[in-house]
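K.L.:
Please see the structure below; I have some questions.
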Amino acid sequence: MTSITPQEAIRRRTRGLALQRSKNDRALPEAAFAVLSTFNVELLPPLLLDSFERIGRHVHVHVSGFGQISEQMLDPASELYAHRPDCVLLIPAVEDLLAPLFARPAHMTGEAANQLVETQTAALQQSIASLLQNLPEATCYLTVMGSGRAPAEFILSPGASYRGQALVERVLARLRDMGSISARLVIVDWDWHSRAWGSAQFHDDRMWYLARMRLNLPGLAALSDLVGSHYSAFHGLTRKVVVLDLDNTLWGGVVGEAGLSGIDLGEDGIGLAFQDLQRELLNLHDTGVLLTVASKNNAADALEVFDHHAGMILKREHLAAFRINWQDKASSIRELAQELNLGLESFVFLDDNPVEREWIRQGVPEVLVPELPADPVSRPSFFRALSCFQRITLTDADLQRAQSYAITKVRDSLRSSASSLPEFLASLDQEITIEAVHDGSLGRAAQMCQRTNQFNLTTQRYTVTDLEQLAGASGTDVYTLAVKDKFGDSGITGFAVLRTNGETSTIDSLLLSCRVLGRQIEDAFLGVLVSRARERGARYVVGRYVPTSKNQQVAAFYPERGFEPDTQGLFRLDLEREIPPTPAHISVKVKSHA
Amino acid sequence: MRERVKRVMSDVFGVPAEEIPDDADAETLESWDSLGHMSLMLALEAEFNVSIPSETMLELISMEEITAFLGRGGSTPQS
């Protein structure tokens, strides 16, 4: 993120006002925000609209009068709850939480000061708990907002209790820790992010004294962006694949002309900037983002750099796929998408050449094309600030997925050596574990519901809360599926919901991650659902298919397995007649909770 | 200059520039409330590259006052 000038902030506000009047004419998905703060943020709504429009959301923003955070959250009859918001943005400024301390630090030392910190943070935490309870579907975004000054600035030692800095920092630390109380509480660390620009530029004394506004327009605009990137990350609206140019992007110079020893890449000078960009890319790779290459080059020259240049941080093994040839890059990117079985809207294209960037923006508009700075030394920090790969946290499953993509490549090479598909599949020693969803798997299950597009029969976007309710409903089975084979553990990569009512069991959801497709795992999974339906006394199993722009590949899933087309989008299997065969080469474990 | 001010007002208040009278003021223009006023002041600063002191902000509540202030190059008259 670059800093936002007052002119830019005014333009954003004007755009936001126009969006407010437009009534969502682009028909973007909508979200209702309620904002509660300890100071005046009446200027925030249009800026939030503008930031969210750029991530493809139309938001409605309701600002409750400032200074009533706890009252609004604790009272079930308050204005806040009357609006039924999807998201609640809390902005408690530490200066307001610790007002008596800032007013007169000398009167607030020792026990009284500690007491103030404890009371205020406990009250806030309690109101948030009540908010999450009163709005069981909503997400709460808690802004950590520092003060930019200590209560007594003229005392210099940061440890001096009279200065009050330690108390301010303790409150901020408490707010940061609150993230652990619920998966639906997202911490927006404005204090940390605003440091990079200097918090002074986000404050205007006139706005404070004339209107009780602690943030000026650039501040509110930057905060809106930050809330937007947390929203994107929370909802999994992030990208999964980087397509890299090589010459002058991964290294300095043109390898086809300068040769292996002539390119700029190493521990010194600008070569280090190229290396640092590679380090950032490797970090993404380690967390499951796929790295690919689309380069116009002689493949042998380019691959020699990956294999033999001492300065390379990225090696050939880190690339999930590459296209190094002389064809146009739009075609290369389409081929990469096909090879990886991922949608183009998962892709980000990095290229130093503005012409190539424009070509991709026009030719493959789904691909995100950041405006890579011309100066290589600016690129590592530019790249770190990109929000398209951000996520709220990193789970073990994410790390495992990164591992498993690498394994997929080995598995694929094995596939080409085995003489037939059945022989290949049998050689994998596949084992699947199907388990009723539980506290430890809810998060991953919801994540899959949000992210899986292709092998997804009904594309039900269940959240953690939805799943908790489903799992508790009578006649309902909510299952996750995990896959192991001789190369390793892919973790949870499948999900299904089966609802049984009388003699009919309906498969409400069925999805698999693309990493485990083409291995008949879907058949084994279906087999378990069918046996479960039988256990529950059903005679019919009904499968649903809800078409989307991305799930064409499963349109014929049920008919291909002996289900008879019923009414629109429904397929019926009579358990007294035929049962789809289950693949013999997969061993199945079912762990069902009582 | 008046036209430029009207354009800024039009953006800030969300009304067409043609509908803003030459003698517009905070009394007569509906969307010129206290919040609109703060936004207008910030937008004028950005558009005309001036800095408006807090007391002047409280005074610039009509087209006349605004154009006079900008006509002086954004300086406050010495009294």
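K.L.:
Once you order the gyration tensor axes a ≥ b ≥ c over the Cα atoms, which shape class does region A:90-185 get: rounded for a/c under 1.5, otherwise prolate or oblate by comparing a/b with b/c? Walk me through the numbers on the way to the answer.
P.N.:
Numbers: a/c = 2.78, a/b = 2.30, b/c = 1.21.
Prolate is the answer for region A:90-185, as a/c is 1.5 or above and a/b outweighs b/c.
K.L.:
Would you list, by chain and number, the lysines whose Cα falls below 29 Å from the Cα of A:Lys329, excluding same-chain residues fewer than 8 positions away?
P.N.:
Partners found: A:Lys240, A:Lys296, A:Lys315, A:Lys409, A:Lys550.
K.L.:
As an exercise, use a Förster radius of 41 Å and the Cβ-Cβ distance of A:Ala129 and A:Leu344 to find the FRET efficiency, rounded to the nearest 0.05. Present the calculation step by step, with values, prior to reporting the outcome.
P.N.:
On the way: r = 42 Å, r/R0 = 1.02.
For R0 = 41 Å, the calculated efficiency reads 0.45.
K.L.:
What order do you get for A:Phe322, A:Phe525 when you list them from fewest to most C-beta neighbours inside 10 Å? It would help to have the intermediate numbers written out before the result.
P.N.:
Working: A:Phe322 22, A:Phe525 25.
Result, fewest neighbours first: A:Phe322, A:Phe525.
K.L.:
Would you kindly compute the Cα radius of gyration of region A:426-561 and its largest Cα-Cα separation (Dmax), both in Å?
P.N.:
Values for region A:426-561 (Cα only, Rg and Dmax): 14.2, 42 Å.
K.L.:
Moving on. Go ahead and estimate [θ] at 222 nm for the protein assembly as shown from helices alone: -39,500 (n - 2.57) per DSSP H run with n ≥ 4, summed, over the residue count, rounded to 500. Could you put the intermediate results ahead of the total?
P.N.:
Numbers: 26 runs with 285 residues, N = 673.
Rounded to the nearest 500, it is -13000 deg cm²/dmol.
K.L.:
Please compute the modelled spin-label separation between A:Ala374 and A:Trp208, points set 7 Å along Cα→Cβ, answer in nm with one decimal.
P.N.:
It works out to 4.0 nm between the two label points.
K.L.:
Only bridges whose two residues both fall in the protein assembly as shown count here: according to DSSP, what percent of them are antiparallel, nearest 5? Kindly include the intermediate steps, with their values, before the conclusion.
P.N.:
Working: 34 of 80 bridges.
Bridges in the protein assembly as shown are about 45 percent antiparallel.
K.L.:
Also: Taking 22 Å as R0, compute the FRET efficiency from the Cβ-Cβ separation of A:Arg149 and A:Arg176 and round it to 0.05.
P.N.:
0.65
K.L.:
Hey, could you get me the Stokes-Einstein D for region A:45-130, Kirkwood radius over alpha-carbon pairs, 20 °C and 1.002 mPa s, rounded to whole µm² s⁻¹? Intermediate results must be reported in sequence, preceding the final value.
P.N.:
Details: Rh = 15.2 Å.
Stokes-Einstein gives a translational diffusion coefficient of 141 µm²/s.
K.L.:
What distance in nm separates the two pseudo spin-label positions at A:Ser427 and A:Ala200, each 7 Å out from Cα along the beta-carbon direction?
P.N.:
With each label placed 7 Å out from Cα toward Cβ, I get 6.8 nm.
K.L.:
Across the residues of A:459-466, average count of Cβ atoms on other protein chains within 10 Å?
P.N.:
0
K.L.:
Oh, and also: For region A:487-588, what is the charge dipole size about the Cα centre, in debye to the nearest 20, if Lys and Arg each add +1 at the Cβ and Asp and Glu each add -1 at the Cβ? Kindly include the intermediate steps, with their values, before the conclusion.
P.N.:
Details: 12 positive and 12 negative charges, 44 e Å.
Approximately 220 debye in magnitude.
K.L.:
Eigenvalues of the Cα gyration tensor times 5, then square-rooted: what semi-axes does that give for region A:185-335, in whole angstrom, largest first? Each step should come with its number before you reach the end.
P.N.:
Numbers: eigenvalues 340, 71, 37 Å².
Calculated on Cα positions only, the semi-axes equal 41, 19, 14 Å.
K.L.:
Give the dimensionless ratio obtained when the Cα radius of gyration of region A:1-97 is divided by 2.2 N^0.38 Å.
P.N.:
Details: Rg = 14.4 Å, N = 97, 2.2 N^0.38 = 12.5 Å.
Ratio of Cα Rg to 2.2 N^0.38 Å: 1.15.
K.L.:
Report, to the nearest 10°, how far helix A:329-340 tilts away from the longest principal axis of the Cα atoms in chain A, using its own Cα long axis and a range of 0 to 90°.
P.N.:
Helix A:329-340 and the main axis of chain A meet at about 70 degrees.
K.L.:
Hey, fewest Cβ within 10 Å first, where do B:Val15, A:Val542, A:Val367 land in order? Could the numbers behind the result be given before it?
P.N.:
Numbers: B:Val15 17, A:Val542 20, A:Val367 23.
If I rank by nearby Cβ atoms, fewest first, I get B:Val15, A:Val542, A:Val367.
K.L.:
What is the order of A:Asp477, A:Asp439, A:Asp508, fewest Cβ neighbours within 10 Å to most? It would help to have the intermediate numbers written out before the result.
P.N.:
Details: A:Asp477 25, A:Asp439 9, A:Asp508 20.
Least to most surrounded, the residues fall as A:Asp439, A:Asp508, A:Asp477.
K.L.:
Once you have a ≥ b ≥ c as the square roots of the Cα gyration tensor eigenvalues for region A:211-258, tell me rounded if a/c is under 1.5, and otherwise prolate or oblate according to whether a/b is larger than b/c.
P.N.:
oblate
K.L.:
At 4 °C and a viscosity of 1.567 mPa s, what translational diffusion coefficient does Stokes-Einstein give for the protein assembly as shown, taking Rh as the Kirkwood radius over Cα pairs? Give it in µm²/s as a whole number.
P.N.:
On the way: Rh = 28.8 Å.
Rounded to a whole number, D works out at 45 µm²/s.
K.L.:
If we count every other residue with Cβ under 15 angstrom of A:Gly110's Cβ, Lys/Arg +1 and Asp/Glu -1, where does the sum land? Each step should come with its number before you reach the end.
P.N.:
Working: positive: A:Arg104, A:Arg163, A:Arg170; negative: A:Glu111, A:Glu118.
With Lys, Arg at +1 and Asp, Glu at -1, the net is +1.
K.L.:
Could you tell me how far the Cα centroid of region A:191-236 sits from the Cα centroid of region B:42-59, in Å?
P.N.:
21
K.L.:
Angle between the Cα long axis of helix A:299-308 and the longest principal axis of chain A, 0 to 90 degrees, nearest 10?
P.N.:
Helix A:299-308 sits roughly 60 degrees off the main axis of chain A.
Any read-out appearing in this document is the output of simple, stated calculations on the displayed coordinates, not a laboratory observation. None of the values given here were measured: they were computed from a predicted structure. Cβ coordinates were reconstructed from backbone atoms using ideal geometry, including for glycine residues, and neighbour counts include every protein chain displayed.
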